[in-house]
């Protein structure tokens, strides 16, 4: 059982503003912070001293005095605070420890136990989280909390996993409360595609993009003007039923025939591979077996197997149709793809996608770019941890409202 941390009770709104400015743009001097925050010089000095005393911020090397009055850059001290991020994909379980400077200190990837129900999974996550923190040598009092990203639909407000199609045993599970009881830490629950977009936003230089998530399922999130859209119920991103091939044959897959999910999720791909006699058909109730078969299909394509490459290229062109629909609607300048299966699909998908997406657009967008995630396979877990850091450390205007 972990103890809760008092570190989140960090002074006031102004202090959160200054810390957030340093987190987003390290290296600013006190004078820079005064200009960007609009706070008085003495206020900034007092706040930065408190942040240094709390070991959340440290001073860098002074600038060259020959160029004028020397200034002292301020940077986030990564060891000042941490968050645990968890991504529960039906095939792969990712747990990581992220520091306040955005560096992954410890990472563990497991194969998701297929027979485990909510209680067994909660116990596994508690044990894995504890081990991760010990291995990192981190003071548990500096771990602000645990963020967990899972497939939707969710009730983010109450922390309940409602009835995700990919997790048939997880109906109305109080995951946030259960994980809090098991770990003793504050817990934040969010949707996997939303968390993935948060991680991409924090690590890239782009403030407007569509994030397409490829894992055991497919989803999307939208970032506009540096904000991740969530939707009225926080369940944005259910794009699997977008029609991308009206002439597609029924492959015996449970999703919509001709839909985006049927074009690219591992289950649909391995069914096609089995029909082409490239692979034996795995147990379609076992996400691990499906994931392994998907890996084998991608390896065949990489080795030059023509039929395997044809399956993946056809999938890429169908995904481009779905992305085209979304780009036409959202008018975004950039599309980012990521998630647990992306690294395996990217070698085949990337050469096809950008031009194929452009061919679907109503308005020509020569500046449109289609790229892979800068974070990698653990993007949803990292985003879940980022959400925890933001929850406790980022400024929130609601704290200014008097009760």
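What follows draws every value from the coordinates through simple rules; no lab data is involved. Predicted, not measured: the structure shown is a model, and the values here were computed from it. Cβ: placed from backbone, ideal geometry, glycine included. Neighbour counts: every protein chain shown.
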Percent RCO, i.e. relative contact order, over the chain, from Cα pairs under 8 Å lying at least 6 residues apart: 18
√(5λ) per eigenvalue of the Cα gyration tensor, the chain, largest first, Å: 40, 26, 18
56, 98 arranged by Cβ crowding within 10 Å, fewest neighbours leading: 56, 98
In degrees, nearest ten, helix 287-302 long axis to first principal axis of the chain (Cα): 80
Relative compactness, segment 233-295, computed as alpha-carbon Rg over 2.2 N^0.38 Å: 1.18
Per-bin percent of Cα-Cα distances, segment 13-79 [5 Å]: 4, 19, 31, 27, 13, 6, 1, 0
Degrees between helix 118-136 axis and first principal axis of the chain (Cα, 0 to 90, nearest 10): 50
Length released on extending from residue 234 to residue 355, taking residue separation times 0.36 nm less the Cα-Cα span: 40.4 nm
Fewest-first ranking of 392, 211, using other Cβ atoms within 10 Å as the exposure measure: 392, 211
Contour minus Cα-Cα distance for residue 343 and residue 295 (0.36 nm per residue): 16.3 nm
Sequence of 185, 121 once ranked by neighbouring C-beta atoms within 10 Å, starting from the fewest: 121, 185
In degrees, nearest ten, helix 13-24 long axis to first principal axis of the chain (Cα): 60
Most mobile of 137, 215, 80 in a GNM of the chain (Cα contacts under 10 Å): 137
Antiparallel bridges, percent of DSSP beta bridges restricted to the chain (to nearest 5): 60
Size of segment 208-373 as Cα extents on the principal axes (Å, biggest first): 46, 34, 29
Residue 135 versus residue 42: modelled label distance in nm, points set 7 Å from Cα along the beta carbon direction: 5.1
Most mobile of 267, 61, 355 in a GNM of the chain (Cα contacts under 10 Å): 61
Mean ellipticity per residue at 222 nm, deg cm²/dmol - from DSSP H runs of n ≥ 4 across the chain, formula -39500 (n - 2.57): -13000 deg cm²/dmol
Added length on full extension, which subtracts the Cα-Cα distance from 0.36 nm per residue, residue 205 to residue 72: 45.4 nm
Fluctuation leader among 340, 168, 266 - the chain, Gaussian network, Cα springs under 10 angstrom: 168
Cβ-derived FRET efficiency at R0 30 Å, residue 181 paired with residue 313, nearest 0.05: 0.05
